[in-house]
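Input: a single structure, listed below in structure tokens.
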Amino acid sequence: MNSRTIAELVFHLSRMSSGDRLDEKLTTAQWAVLRYFALANRFSRTPSAFAAFHATTRGTASQTIKSLEKQGYLTRIRSENDKRSIRLVLTEKARSILTNDPFESLVRAADSLPKNMQGHFTNALQRMLGKVANERGKLTFGTCTSCQHLEGNGCNQDKETTYACGFASEPLVLEELDEICFNFVLGKPLQ
Ligand code: SF4
């Protein structure tokens, strides 16, 4: 398969899964915010991280986020470590409409791939994203499983797997490894 075909297929997949909206009360930009906050890790649930992810201005991102807060889809919480810092989280109302999101068909398609193919596919997409972001001077987002800052893959005395983020100097629970992060730096994929 040639490179142009791969690029077209990736683009087509993205268009197909984000074009329809089941709930006409929300705009495409508002859907993008809800999808982002459903995926982002705790370090990345801020308006500025969303602005970087969606390649939009902070002002535009803030306006869209404020409109979703007013409609009861997002709520603000203060960080336990730094009381000045605010994180945004999805409400139950948002989680409920996201279960009917057309984007879920893409999630199911990814889920239907064999596990080893999912790993290769993730690495390939991550590398492509890195190239495009680099060429365009944008930040690369990614998950802990292929980030340079991921530390630890051993087990503690209770035979639980332990991980930590070297960038934030904070422990990570297993479920967080698949969430997307603002501070990601491409490294060696986790085996
Ligand atoms: S290990 Fe990397 S991706 Fe994971 S939280 Fe830390 S900076 Fe983010």
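So which residues in the stretch 135-149 are in a loop (DSSP other than H, G, I, E, B) and either more than 8 Å from the ligand (Cβ to nearest atom) or open to solvent by less than 70 Å² (accessible area, probe 1.4 Å) (or both)?
Result: GLY137, LYS138, LEU139, THR140, PHE141, HIS149.
Take the stretch 64-79 and flag every residue that is free of Cβ contacts under 8 Å to residues at least 40 places away in the same chain and assigned to a strand (DSSP E or B).
Result: THR75, ARG76, ILE77, ARG78.
Would you be able to tell me the number of residues in the stretch 86-111 that are polar (S, T, N, Q) and either in contact with a helix residue (DSSP H, G or I) (Cβ under 8 Å, 6 or more places away or on another chain) or in contact (Cβ under 8 Å) with a residue 12 or more places away in the chain (or both)?
Result for the stretch 86-111: 3.
Taking the stretch 150-172 on its own, how many of its residues are at pLDDT below 90 and either surrounded by 12 or more Cβ atoms within 10 Å (Cβ to Cβ) or of a type in the set (Lys, Arg) (or both)?
Number of matching residues: 4.
Has the stretch 111-121 got at least one residue that is outside the structural domain of HIS12 (by TED's automatic domain parsing) and within 16 Å of the ligand (Cβ to nearest atom)?
So far as the stretch 111-121 goes, no, none of its residues is outside the structural domain of HIS12 (by TED's automatic domain parsing) and within 16 Å of the ligand (Cβ to nearest atom).
The values are calculated or read from the model by the stated rules, or taken from the named source; none is laboratory data. Because the structure is a prediction, the values reported are computed rather than measured. Here the Cβ is made from the backbone with ideal geometry for all residues, glycine too, and neighbour counts use every protein chain on show. Areas reflect the complete protein model, heavy atoms only, side chains present, ligands, DNA and RNA absent. Shrake-Rupley method; radii C 1.70, N 1.55, O 1.52, S 1.80 Å.
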